[in-house]
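Here the structure comes first, spelled out in structure tokens, and everything after it is commentary.
The values are calculated or read from the model by the stated rules, or taken from the named source; none is laboratory data. This structure is a prediction, so every number in the text was calculated from the model and none was measured. Cβ placement follows ideal geometry from the backbone for every residue including glycine, while neighbour counts extend to all protein chains displayed.
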Amino acid sequence: MDYTKASLIFKIQKISRYIKMYGPQRTWVKIHSQLHLKHENEFAGIRWINPKVAENKGKIAIIGCGNFSYSVIAYYINKYAKFSIKYAYDINKARSLSLAKKYAVYCATSRLEDILEDPAIKLVYIASNHSTHAEYAIKAIEKGKSVHIEKPHAVSIEQLNRLILAAKKHPEVKLFVGFNRPKSILFQKLKQELHKQTGPMMMNWFIAGHRIEDDHWYFSAEEGGRVLGNLCHWSDLCLHLINNKNAFPCVIQPAHHTDSKSDFAVTITFADQSVAVLTFSAKGHTFEGVREYLNVHKGDLLATLNDFYHLQMDCVNKKYKKKLTFRDHGHEKNILNSYMNTFSENGRGDDILYIYQTALLILKIKEAIDTGKRVICEDGWITTT
């Protein structure tokens, strides 16, 4: 939904609700991100240099300057380390210029080689169209640059294999994936308590997503649709709760209407006999953004997590309730985790086996939904050197 075209009353209601959910500062940048997407002024030529920023300070580049880069990536990096972003790259010059001006970026560029050929750049954040994530990442890795790839980090098995092989050939490079929710406060607490229990678990995720039009770029054949673009968040969370080492092989059973692009459900039976049901629905407008509800049962623990805002856990005679002041989806921690681990002497990237397996799982879920057939997802860890 284009909020800039909504009525004044709707806008006031939306802003008021978001202030309660995210606080005034986060709400303010979300408002500006909507205006950012409407920005039309482009720079002339190949690049625009910010006269107010010194060239020698920046060590970070952002590829893809859409809503997420503007309201999350650049926002948190700038908040933590101002002037550390040297390049903002996008095929849409207006968006790279808008982001560069807002966050004191040294250069808005339409030339990818500016980033790849600059030895000063140590970390690249990638948040472009889904099909380009791995392609940009491979090019950056081959130049010895650490990479943070927003979801999904691959849209095909072939692309995933090439990404992993590039990372294996350049072990000095740190690779990070953009799944933020595992770093949220309440999810960390839930995971800690679940790991104290024994035996398999039952998980039920219900997600109500934004309704988007059929001609949205998400639905282009090469982009992977809403399974790769959205559902990957919650398939990834399942691996964190189960432990990806105990997950494979798993069996995926789909259920969806053949004409639906945005409404589907899958049941996954993991190797340790845990079962997860993921239901994604996008019927209409969700006023408070994406809604996420988890019910989980393992051993003596029964828990409910709502919108990464409220957690309740019952364990025999003990009850735990926690409600945050604002929703915490782990965005800040995940963005800064990549930054701090890149520039820390002892910093580490995400485990390469996990990076492979979380992508493999969602690709197999997509296969099951696309074909309407049961799919077995083997570990599939590639051994090519």
**OP:** Taking the residues in the range 247-277 that are closer than 25 Å to R211 by Cα and part of a loop (DSSP other than H, G, I, E, B) as candidates, determine which candidate is modelled with the highest pLDDT.
**Re:** D263
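If I filter the range 232-246 down to residues being at pLDDT below 95 and under 20 Å from V177 (Cα atoms), which single residue comes out as farthest from the chain's Cα centre (by Cα)? So that I can check it myself, show each step before the final result.
Kept after step one, since they are at pLDDT below 95, are these residues of the range 232-246: 242-246.
Still in the list and also under 20 Å from V177 (Cα atoms): 242-245.
Working: I242: 20, N243: 19, N244: 18, K245: 22 Å.
Among those that are at pLDDT below 95 and under 20 Å from V177 (Cα atoms), it is K245.
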**OP:** With respect to T358, determine if the residue is modelled with pLDDT under 95 and either among the hydroxyl-bearing types (S, T, Y) or not assigned by TED's automatic domain parsing to the domain that holds K174 (or both).
**Re:** no
Original post:
If you take the residues of the range 208-228 that are part of a helix (DSSP H, G or I) and either among the aromatic types (F, W, Y) or in contact with a Lys or Arg (Cβ under 8 Å, 6 or more places away or on another chain) (or both), which of them is surrounded by the fewest Cβ atoms within 10 Å (Cβ to Cβ)?
Top reply: W217
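Quick grid of which residues meet (1) touching a strand residue (DSSP E or B) at 6+ places or on another chain (Cβ under 8 Å); (2) touching a residue at least 12 places away in the same chain (Cβ under 8 Å); (3) not β-branched (V, I, T):
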position: T4; (1), (2), (3): no, yes, no
position: K11; (1), (2), (3): no, no, yes
position: H39; (1), (2), (3): no, yes, yes
position: K52; (1), (2), (3): no, yes, yes
position: Y103; (1), (2), (3): yes, yes, yes
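Just to be sure, is V29 modelled with pLDDT under 95, among the hydrophobic types (A, V, I, L, M, F, W, C) and within 22 Å of K151 (Cβ to Cβ)? It would help to see each step written out before you state the result.
On the way: modelled with pLDDT under 95: yes; among the hydrophobic types (A, V, I, L, M, F, W, C): yes; within 22 Å of K151 (Cβ to Cβ): yes.
Yes: the conditions hold for V29.
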Original post:
Could you say whether any residue in the range 177-186 is assigned to a loop (DSSP other than H, G, I, E, B), touching a Lys or Arg at 6+ places or on another chain (Cβ under 9 Å), touching a residue at least 12 places away in the same chain (Cβ under 8 Å) and surrounded by fewer than 19 Cβ atoms within 10 Å (Cβ to Cβ)?
Top reply: no
Subject >> Matching residues in the range 34-48 - criterion: being on the phi < 0 side of the Ramachandran plot and of a type outside the set (A, V, I, L, M) >> reply: Q34, H36, K38, H39, E40, N41, E42, F43, R47, W48
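What number of residues in the range 44-88 are assigned to a loop (DSSP other than H, G, I, E, B), touching a Leu at 6+ places or on another chain (Cβ under 8 Å) and surrounded by fewer than 24 Cβ atoms within 10 Å (Cβ to Cβ)? Show your work before the answer.
Step one: of the range 44-88, the residues assigned to a loop (DSSP other than H, G, I, E, B) are 44-46, 50-59, 64-66, 81-84.
Of the ones still in play, those that are also touching a Leu at 6+ places or on another chain (Cβ under 8 Å) are 59, 65-66.
Right, trim to surrounded by fewer than 24 Cβ atoms within 10 Å (Cβ to Cβ) and you get 59, 66.
Of the residues in that region, 2 qualify.
Looking only at residues in the range 151-183 that are of a type in the set (K, R) and under 30 Å from N306 (Cα atoms), which one is nearest to the chain's Cα centre (by Cα)? Steps first, answer last, please.
Looking only at the range 151-183, we keep the residues that are of a type in the set (K, R), and these are 151, 162, 168-169, 174, 181, 183.
Narrowing the set further to residues that are under 30 Å from N306 (Cα atoms) leaves 151, 181, 183.
On the way: K151: 4, R181: 8, K183: 12 Å.
Going through the qualifying residues, I end up with K151.
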Original post:
Within the range 324-366, how many residues are touching a residue at least 60 places away in the same chain (Cβ under 8 Å) and either among the hydroxyl-bearing types (S, T, Y) or out of contact with any Leu (no Cβ under 9 Å at 6 or more places or on another chain) (or both)?
Top reply: 23
Original post:
Of all residues in the range 111-149, how many are over 14 Å from D90 (Cβ atoms) and in a strand (DSSP E or B)?
Top reply: 5
**OP:** Exactly one condition in (1) under 24 Å from L336 (Cα atoms); (2) within 17 Å of the chain's Cα centre (by Cα); (3) in contact (Cβ under 8 Å) with a residue 60 or more places away in the chain is not met by L190; state its number.
**Re:** (2)
Original post:
Which residue pairs have Cβ atoms under 7 Å apart, sit 6 or more places apart or on different chains, and have a first residue in the range 235-257 that is among the charged types (D, E, K, R) and a second that is modelled with pLDDT of 95 or more and buried (at least 20 other Cβ atoms within 10 Å of the Cβ)?
Top reply: D236/F179; D236/T358
Original post:
Among the numbered criteria (1) over 18 Å from I138 (Cα atoms); (2) in a loop (DSSP other than H, G, I, E, B); (3) touching a helix residue (DSSP H, G or I) at 6+ places or on another chain (Cβ under 7 Å), which single criterion is violated by A108?
Top reply: (2)
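Let's see how each residue does on (1) within 25 Å of I252 (Cβ to Cβ); (2) not assigned by TED's automatic domain parsing to the domain that holds C315; (3) not aliphatic (A, V, I, L, M):
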residue: Q188; (1), (2), (3): no, no, yes
residue: N204; (1), (2), (3): yes, no, yes
residue: A208; (1), (2), (3): yes, no, no
residue: I212; (1), (2), (3): yes, no, no
residue: H233; (1), (2), (3): yes, no, yes
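Go through L231, L305, L301, L294 for me and flag whichever is in contact with a strand residue (DSSP E or B) (Cβ under 6 Å, 6 or more places away or on another chain), in contact (Cβ under 8 Å) with a residue 40 or more places away in the chain, crowded, with 16+ Cβ neighbours inside 10 Å and farther than 22 Å from H329 by Cβ. Write out each step before concluding.
Values: L231 fails: farther than 22 Å from H329 by Cβ; L305 fails: farther than 22 Å from H329 by Cβ; L294 fails: farther than 22 Å from H329 by Cβ.
L301 is the lone residue from the list that is in contact with a strand residue (DSSP E or B) (Cβ under 6 Å, 6 or more places away or on another chain), in contact (Cβ under 8 Å) with a residue 40 or more places away in the chain, crowded, with 16+ Cβ neighbours inside 10 Å and farther than 22 Å from H329 by Cβ.
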